[in-house]
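Shown next, in structure tokens, is the structure this report addresses.
The values are calculated or read from the model by the stated rules, or taken from the named source; none is laboratory data. Note that the structure is predicted; figures quoted are calculated from it, not measured. Cβ coordinates were reconstructed from backbone atoms using ideal geometry, including for glycine residues, and neighbour counts include every protein chain displayed.
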Amino acid sequence: MLLADKVVLITGGAGLNGLGFATALQMASHGARVAIMDLEGAKPAEAAKQLGDEHLGVVASVTDKTAVDNAVQQILAKFGRIDILVNNAGITQPRKTVDISAADYDAVLDVSLRGTLLCSQAVIPAMERQGSGSIICISSVSAQRGGGILGGPHYSAAKAGVLGLARAMARELGTAGIRVNCITPGLIGTDIIKGKLTEDRKAEIAETIPLGRLGHPNDIAGACIFLGSELSAYCTGVTLDVNGGMLIH
């Protein structure tokens, strides 16, 4: 039980086929009490119920500071602490550079980058009082290789921003006992790619990956377990590639 007695907050975690929910399941199986934060329409309370009665679903948009702060207070009221934050919420759009509108830019940057900042700001005071904490930020291989398979340049920029933000927070918060690390997934088989790639195209992409397959949500969940647990106690400011070898650098 790598996360026994730990309290975890996962943003954007209500989608049952997504990275966040897969992480919630694995963390719960390792003894964590999990709070899932998501939009009202995503039904985070129902998702949390699937983990068991001891878990919690809270409604908030990660782009709304007041809503995020209120959700974090709900979690603290129920559990008394927050040990791990997984900044998972994010959206993508397939756009060419010249086609990115102001609304497109705001939507993608707000969720991935502003959301990571606001949720981190909300939990840091509790972690400072505890003298410990682990913040895990989900970036993307797109930030490292200059574009992915589906997302536009503004998605790459948002995810690159997450890397820079996480590294700066790691440097700032280390003396408070708070570790901050990133995961950069490759192409993962979640709802975000559903209907956007044919099976033939997926097979073509898999042939270019050294491990010969697309990623599974559980691949990312396992990396979150590592970064959230004491197995990674001397890791901060790390970027952990989970891409099957899609990018080796």
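Listed values, structure above:
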quantity: Region 101-126 residues that are closer than 27 Å to Ala176 by Cβ and free of Cβ contacts under 8 Å to residues at least 60 places away in the same chain, paired with ones that are surrounded by fewer than 22 Cβ atoms within 10 Å (Cβ to Cβ) and basic (Lys, Arg) (beta carbon under 7 Å, 6 or more apart); calculated: Leu118/Lys65; Ala126/Arg81
quantity: Residue in region 51-104 that is surrounded by the fewest Cβ atoms within 10 Å (Cβ to Cβ), counting only those that are hydroxyl-bearing (Ser, Thr, Tyr), in a loop (DSSP other than H, G, I, E, B) and in contact with a helix residue (DSSP H, G or I) (Cβ under 8 Å, 6 or more places away or on another chain); calculated: Thr63
quantity: Strands (runs of 3 or more DSSP E) wholly inside region 131-249 containing at least 2 residues that are among the polar types (S, T, N, Q); calculated: 178-185
quantity: Candidate set: region 137-152, residues that are in contact with a helix residue (DSSP H, G or I) (Cβ under 6 Å, 6 or more places away or on another chain) and either of a type in the set (S, T, N, Q) or surrounded by fewer than 18 Cβ atoms within 10 Å (Cβ to Cβ) (or both); chosen: the one modelled with the lowest pLDDT; calculated: Gly147
quantity: Enumeration of residues in region 114-136 that are over 15 Å from Met37 (Cβ atoms) and crowded, with 20+ Cβ neighbours inside 10 Å; calculated: Ile124, Met127, Gly133, Ser134
